[in-house]
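A.B. asks: Attaching a single structure in structure tokens format; questions to follow.
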Amino acid sequence: MPQQTEQWREMLINWLIKISGYSAIVFVTLIFFFLIRESLPGFSPETFSRLAGSRWYPIEQYYGLAPLIAGSIMVTLGAALVAIPLGLGTAIFIAEIAPRWVREILKPLVEILAGLPSVVLGFLGILSLSPWVRETMNLPTGLTAFSGSLLLGMTSLPTIVSVAEDALDAVPRSYRDASLALGATELQTIFLVTLPAARSGVFTAVMLGLGRAIGETIMVMMVTGNAAMIPNSLFSPVRTMTATIAAEMGEVAKGSEHYHVLFLIGLTLFVISLLVNLTASSVIMRQQKRAERVLS
Amino acid sequence: MNKSVFARQLTQKIGYGLLTLLTLLTVLPILYIIGRILLQGAPAALSWEFLFTFPRDGMKAGGIWPAIVGTIYLTLGTALFSVPLGLGAAIYLSEYAPNNRWTRLIRLAIINLAGIPSVVYGLFGLGLFVLFLKLGVSILAGSLTLSIMTLPVIISTAEEALRAVPQAFRVVSISLGATKWQTIRRIVLPQALPGILTGVILGLERAAGETAPILFTAASFFLPRLPGSPLDATMALPYHLFVISTQVPGMPLRIQFGTALVLLVFVLSMNLAATVIRSRARAARQW
């Protein structure tokens with residue numbers, strides 16, 4: 001009965017498709033579950049008080065998270081200072097100013113940046129950026145939060161540029177025409193009309209870009225100097241949460257306190273990325289709903 | 001607002017100048033990076049010995065053959081898992097999913113998967129594949145970890161490609177008596193193929209260049225021979241570059257730049273392939 005086997009086959013395939021459809025939910029849950037499973041149950045009450053300390057020195061059981069969190073925050077803020085002006089400037093240039101042929105060159109270039117492996121950036125960071133930073137700033141070492149911020153800013157640029165450019169593109173032509181017709185210059189139109197109209201998309205772009213920056217690992221580990229101390233300036237070496245996991249997980253004994261603490265740092269990063277992405281996507285969704293209302 | 005016309009024109013000029021400057025500051029470093037690696041990497045990478053022999057003298061001489069092979073294995077392994085799963089999920093979202101709470105939850109999960117830091121994927125892979133499923137530090141564990149990481153890229157680009165196929169194609173096929181799956185397989189998928197391929201390549205490009213997820217799941221510092229089975233650890237280009245630029249003192253620049261160039265060519269040729277497929281498909285499209 002070929003007819004019946006055919007029906008069975010179709011049913012089976014439909015099921016497989018449905019299962020793969022739900023796989024994303026399964027994976028997010030699994031990741032969350034494993035991060036918890038490998039961290040919290042292994043904790044003794046003392047571990048929690050150790051986490052609150054201000055020193056990270058695992059060999060002597062100092063697991064203070066403060067220096068790592070401070071390191072992550074510092075390089076991420078530094079990256080924001082680099083990436084927000086450059087990213088938004090580039091997005092505005094591509095969407096509003098550049099003639100078509102320039103756009104056709106710029107967009108693939110930004111895509112190439114998105115595809116550059118972060119280890120390549122880290123390699124050049126060690127080789128040319130950090131000696132330059134050391135010499136121009138007259139520092140003992142060029143491997144600092146500052147160098148990390150510069151490169152990290154670069155890695156978050158592609159996200160910021162492409163999301164912000166999409167947002168600017170989505171602003172109706174008529175807004176610009178109306179503004180120009182009222183006598184505004186093109187620059188005034190960009191900053192007083194187009195950019196405010198695209199603000200939620202621009203906000204999402206910045207959030208997603210910085211979300212990427214917090215999670216960046218290998219490059220940060222290579223260029224920030226890896227000193228787990230609370231940094232006193234942008235020009236001192238730091239150690240981020242991501243770099244700590246990458247640097248120490250390889251040498252740690254499974255099931256040790258150190259191992260569980262590293263998983264806790266991973267859990268923290270997971271929760272941060274969850275919050276960043278939920279905020280970013282809720283802004284998009286609200287925006288879409290408003291657009292639907294306006295259009296209907 | 002009672003500035004003279006001249007002042008307004010001046011601000012306009014200055015503003016445009018600033019925006020152009022910001023764009024140059026974004027673009028020039030990209031050109032610098034690529035140019036520098038091309039120029040300094042080419043002398044090392046353009047040699048038979050460098051590409052096809054093993055490292056010697058504590059990595060300070062010889063080639064990077066096992067790292068190239070390892071990256072190819074990991075990329076293919078990643079494709080093996082992430083392509084069917086990602087394509088299935090994309091088909092579900094574009095052709096089957098009702099517009100309800102669960103579908104929104106799936107979308108939210110995909111967005112979140114895309115945002116999880118790569119080192120957290122590494123931790124997860126260590127916890128689930130290496131330790132819990134006892135796969136050990138292996139190509140298999142690394143590929144599985146990388147495929148979950150690439151899943152969101154593949155799903156979202158493939159879904160977009162499927163959605164771009166006009167609804168009329170489906171309606172005609174179903175009205176001729178084809179089942180839903182026949183319609184998808186014979187009509188929708190072939191039409192969406194270039195878009196899907198672009199997404200797959202972009203996803204794999206990311207996987208090929210990542211270091212953090214394979215750090216504790218697949219990568220090995222040095223191996224005297226090529227991996228013999230999926231359960232063996234492997235060398236890989238990004239990890240190799242990381243090792244020789246941070247862990248080995250006195251490493252010759254030639255080899256570092258050569259490795260960076262090979263990795264760059266590996267990744268950028270995938271990028272180029274994706275771009276070519278996309279633009280060709282756009283030109284050939286009949287709808």
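The values are calculated or read from the model by the stated rules, or taken from the named source; none is laboratory data. Fair warning: this is a prediction, and the values are worked out from it, not measured in the lab. Note that we place each Cβ from the backbone using ideal geometry, even for glycine, and neighbour counts take in every protein chain shown.
A.B. asks: Hey, any hits in segment A:249-261 for a residue that's within 30 Å of A:Val110 (Cα to Cα), among the basic types (Lys, Arg) and free of Cβ contacts under 8 Å to residues at least 60 places away in the same chain?
C.D. replies: Checked segment A:249-261: no residue is within 30 Å of A:Val110 (Cα to Cα), among the basic types (Lys, Arg) and free of Cβ contacts under 8 Å to residues at least 60 places away in the same chain.
A.B. asks: Name the residues in segment B:255-273 that are within 11 Å of B:Pro238 (Cα to Cα) and more than 10 Å from chain A (Cβ to nearest Cβ), would you?
C.D. replies: B:Val262
A.B. asks: Only helices (runs of 4 or more DSSP H) wholly contained in segment A:182-296 count here; list those with 1 or more residues that are within 22 Å of the chain's Cα centre (by Cα) and closer than 20 Å to A:Pro158 by Cβ.
C.D. replies: Per the criteria, A:199-215, A:218-223, A:241-248, A:257-295.
A.B. asks: What are the residues in segment A:13-49 that are modelled with pLDDT of 85 or more and more than 30 Å from B:Leu85 (Cα to Cα), if any?
C.D. replies: A:Leu40
A.B. asks: Among the residues of segment B:140-173, count how many are surrounded by fewer than 20 Cβ atoms within 10 Å (Cβ to Cβ) and hydrophobic (A, V, I, L, M, F, W, C).
C.D. replies: Of the residues in that region, 5 qualify.
A.B. asks: When you look at A:Ser118, is it within 20 Å of the chain's Cα centre (by Cα), closer than 30 Å to B:Gln40 by Cα and among the hydroxyl-bearing types (Ser, Thr, Tyr), yes or no?
C.D. replies: When the stated conditions are applied, A:Ser118 passes them.
A.B. asks: Could you list, in sequence order, all residues of segment B:134-168 that are hydroxyl-bearing (Ser, Thr, Tyr) and not in a helix (DSSP H, G or I)?
C.D. replies: Within segment B:134-168, B:Ser138 is the sole residue that qualifies.
A.B. asks: How many of the residues in segment A:89-108 are more than 8 Å from every other protein chain (Cβ to nearest Cβ) and surrounded by 20 or more Cβ atoms within 10 Å (Cβ to Cβ)?
C.D. replies: 3
A.B. asks: While we're on this one: Take the residues in segment A:47-88 that are surrounded by 15 or more Cβ atoms within 10 Å (Cβ to Cβ) and more than 26 Å from A:Thr144 (Cα to Cα), then tell me which one is nearest to the other protein chains (Cβ to nearest Cβ).
C.D. replies: A:Thr47
A.B. asks: Conditions: (1) at pLDDT below 90; (2) in contact with a Pro (Cβ under 6 Å, 6 or more places away or on another chain). B:Pro252 meets all but one. Number of the miss?
C.D. replies: (2)
A.B. asks: Continuing with this model, one more query. Return the residues of segment B:84-123 that are of a type in the set (Gly, Ala, Ser) and more than 7 Å from chain A (Cβ to nearest Cβ); say none if nothing qualifies.
C.D. replies: Those that are of a type in the set (Gly, Ala, Ser) and more than 7 Å from chain A (Cβ to nearest Cβ): B:Gly86, B:Ala90, B:Ser94, B:Ala114, B:Gly122.
A.B. asks: Criterion first (surrounded by fewer than 24 Cβ atoms within 10 Å (Cβ to Cβ), touching a helix residue (DSSP H, G or I) at 6+ places or on another chain (Cβ under 8 Å) and among the hydroxyl-bearing types (Ser, Thr, Tyr)) does B:Thr211 satisfy it?
C.D. replies: So B:Thr211 does not fit the description; no.
A.B. asks: In segment A:119-140, how many residues are facing another protein chain (nearest Cβ under 7 Å) and either small (Gly, Ala, Ser) or free of Cβ contacts under 8 Å to residues at least 12 places away in the same chain (or both)?
C.D. replies: Qualifying residue count for the region: 2.
A.B. asks: Looking at B:Leu231, B:Leu237, B:Leu215, can you tell me which residue is within 11 Å of another protein chain (Cβ to nearest Cβ) and farther than 22 Å from B:Ala45 by Cβ?
C.D. replies: Unique residue meeting the criteria: B:Leu215.
A.B. asks: Given the criterion more than 18 Å from A:Thr189 (Cβ to Cβ) and part of a helix (DSSP H, G or I), identify the matching residue among B:Leu39, B:Leu19.
C.D. replies: Within the list B:Leu39, B:Leu19, the selection yields B:Leu39.
A.B. asks: Another one. Name the single residue, out of those in segment B:67-83 being within 11 Å of chain A (Cβ to nearest Cβ) and touching a Ser or Thr at 6+ places or on another chain (Cβ under 8 Å), that is surrounded by the most Cβ atoms within 10 Å (Cβ to Cβ).
C.D. replies: Out of the qualifying residues, it is B:Ser82.
A.B. asks: Another one. Quick one: which of A:Arg212, A:Arg199, A:Arg176 is at pLDDT below 90 and of a type outside the set (A, V, I, L, M)?
C.D. replies: After applying the criteria, what remains is A:Arg212.
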